Amino acid sequence: MRGSRVSQSKPVPPKNAEMLVLEVVRTERVTPNMMRITLGGDALARFVPMGFDQWFRLFLPLESLPDDTHTSFALPKRIDLLGYVQFLAMPKATRPIMRNYTVRAFRPLENELDIDFVAHGDNGPASRFATATAVGDTVALLDQGVMYNPQPADWQLFVADESGLPAVAGVLRDAPRDTVGHAFIEIADAADAQPTDAPPGVEVHWLVRDHGQKPGTLALATVQAFALPAGTPYAFVVGEQSLPTSLRRWLVTERGVPKSHVTFCGFWRA
């Protein structure tokens, strides 16, 4: 899940910004607090994979629409300024729900794309969709490119809560194998840890917060207290908005990291 993009380094734009209407082909609860929805359909052949933390606008049908109409919701062709104005001008009764998510995996030979949703009950429309959707349901996807764009650095730092787990996992999977550094990923349950395929030189730290602890606070405190390597890092920090904003401020003011070396984004607000 992603909120407003506030990346300090320059993001990489998408190679195809076409709206793709896709179908749910499989659902799976991969960990206690993560649902994986697999999409397919003929339009997926036009998806251009970029790897890393490639993200997109995800359009979900309104929960209130009848079952026989929710697969044909209206959509703008693009979400540029004009398209977004057109999107907002749609009647609320029929306007689809828009959220931002990360490509967890793309398998072109199988024509499948995975999205991981944090399953936190009925607190939001995307979470409700992930737990209730069925094979054949229709959604739409609009590629937005990649935020991860490392600057020359001595090492790399990756920090996220569970909402940023798919983004960090994708970056670690596709990062050059000679990348060195540390990844701190905060989760609600030890069983929520996932394989990351991180480069051998990147140590992955799974941080399990206490029940009731605000997401992101454990990751922030752990990084600030950790004996980080010397030299200038490139940092990629995502999650509940107070985590990236607070850690970015600390890195710049206390560690002297150039602003251009910090990519940060608040994916959601507690």
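The residues of the range 198-251 that are among the acidic types (D, E) and within 20 Å of G181 (Cα to Cα) amount to a single one, E203. Considering only residues of the range 51-76 that are surrounded by fewer than 22 Cβ atoms within 10 Å (Cβ to Cβ) and aliphatic (A, V, I, L, M), which is modelled with the lowest pLDDT? Filtering first and then ranking leaves L65.
Evaluated against (1) surrounded by fewer than 20 Cβ atoms within 10 Å (Cβ to Cβ); (2) on the phi > 0 side of the Ramachandran plot, G181 falls short on exactly one condition, (1). When the criteria are applied in full, P108 meets the requirement of being modelled with pLDDT of 95 or more and touching a Leu at 6+ places or on another chain (Cβ under 9 Å). Take the conditions (1) in the same structural domain as V30 (by TED's automatic domain parsing); (2) in contact with a Gly (Cβ under 8 Å, 6 or more places away or on another chain); R173 misses just one of them, which is (1).
For R248, the conditions (1) outside any strand (DSSP E or B); (2) surrounded by 15 or more Cβ atoms within 10 Å (Cβ to Cβ); (3) more than 19 Å from the chain's Cα centre (by Cα) all hold with the exception of (3).
Of everything in the range 184-207, what is assigned to a strand (DSSP E or B) and surrounded by 14 or more Cβ atoms within 10 Å (Cβ to Cβ)? Give them in sequence order.
F184, I185, E186, I187, G201, V202, V204, H205, W206, L207
Within the range 205-224, residues that are farther than 10 Å from F184 by Cα reach partners that are assigned to a helix (DSSP H, G or I) and not hydrophobic (A, V, I, L, M, F, W, C) with beta carbons closer than 7 Å, at six or more positions or on different chains, in the pairs G216/S242. Quick one: would you say T133 is among the hydroxyl-bearing types (S, T, Y) and out of contact with any helix residue (DSSP H, G or I) (no Cβ under 9 Å at 6 or more places or on another chain)? For T133, the condition - among the hydroxyl-bearing types (S, T, Y) and out of contact with any helix residue (DSSP H, G or I) (no Cβ under 9 Å at 6 or more places or on another chain) - is met.
The values are calculated or read from the model by the stated rules, or taken from the named source; none is laboratory data. Please read all numbers here as calculations on a predicted model, not as lab measurements. All Cβ positions, glycine included, derive from the backbone under ideal geometry; neighbour counts span all protein chains shown.
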